[in-house]
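Okay, here's the structure, questions in a sec.
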Amino acid sequence: MIEYACKKCNRILTKKSCPTCQNVDVSKNWKGMVLILDPDKSEIAKKLKIGSVGMFALRVR
């Protein structure tokens, strides 16, 4: 399964468009992954400014 990352919100995707931010600018070139389960209680989500549940890339090129 090819995984892409949205260049706008860093969400990891399986399609070439992001359902969250409606962005079609995605990349196969990304590194690192963080899984956010509870964005309200997560210190990592707060530091990365992530407000939703999901898998996110740490760096997208």
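Got at least one residue in the range 28-44 being touching a Phe, Trp or Tyr at 6+ places or on another chain (Cβ under 7 Å), part of a loop (DSSP other than H, G, I, E, B) and not hydrophobic (A, V, I, L, M, F, W, C)?
Checked against the condition, which is being touching a Phe, Trp or Tyr at 6+ places or on another chain (Cβ under 7 Å), part of a loop (DSSP other than H, G, I, E, B) and not hydrophobic (A, V, I, L, M, F, W, C), the range 28-44 yields at least one hit.
Does Pro39 qualify as being without any contact (Cβ under 8 Å) to a residue 60 or more places away in the chain, in contact with a helix residue (DSSP H, G or I) (Cβ under 7 Å, 6 or more places away or on another chain) and not hydrophobic (A, V, I, L, M, F, W, C)?
Details: without any contact (Cβ under 8 Å) to a residue 60 or more places away in the chain: yes; in contact with a helix residue (DSSP H, G or I) (Cβ under 7 Å, 6 or more places away or on another chain): yes; not hydrophobic (A, V, I, L, M, F, W, C): yes.
It is true that Pro39 is without any contact (Cβ under 8 Å) to a residue 60 or more places away in the chain, in contact with a helix residue (DSSP H, G or I) (Cβ under 7 Å, 6 or more places away or on another chain) and not hydrophobic (A, V, I, L, M, F, W, C).
Based on this model, can you work out whether Gly54 counts as surrounded by 12 or more Cβ atoms within 10 Å (Cβ to Cβ), modelled with pLDDT of 95 or more, of a type outside the set (A, V, I, L, M) and on the phi > 0 side of the Ramachandran plot? Reasoning before the result, please.
Numbers: surrounded by 12 or more Cβ atoms within 10 Å (Cβ to Cβ): yes; modelled with pLDDT of 95 or more: yes; of a type outside the set (A, V, I, L, M): yes; on the phi > 0 side of the Ramachandran plot: yes.
Here the answer is yes, as Gly54 does meet what is asked.
Rundown of residues vs (1) among the charged types (D, E, K, R); (2) modelled with pLDDT under 95, yes/no style:
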{"residue": "Ile2", "(1), (2)": "no, yes"}
{"residue": "Ala5", "(1), (2)": "no, no"}
{"residue": "Lys8", "(1), (2)": "yes, no"}
{"residue": "Leu13", "(1), (2)": "no, no"}
{"residue": "Thr20", "(1), (2)": "no, yes"}
{"residue": "Trp30", "(1), (2)": "no, no"}
{"residue": "Val34", "(1), (2)": "no, no"}
{"residue": "Ser42", "(1), (2)": "no, no"}
{"residue": "Lys47", "(1), (2)": "yes, no"}
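The values are calculated or read from the model by the stated rules, or taken from the named source; none is laboratory data. Source: prediction; values computed, not measured. Using ideal geometry, Cβ is built from the backbone for each residue, glycine included, and neighbour counts are taken over all protein chains shown.
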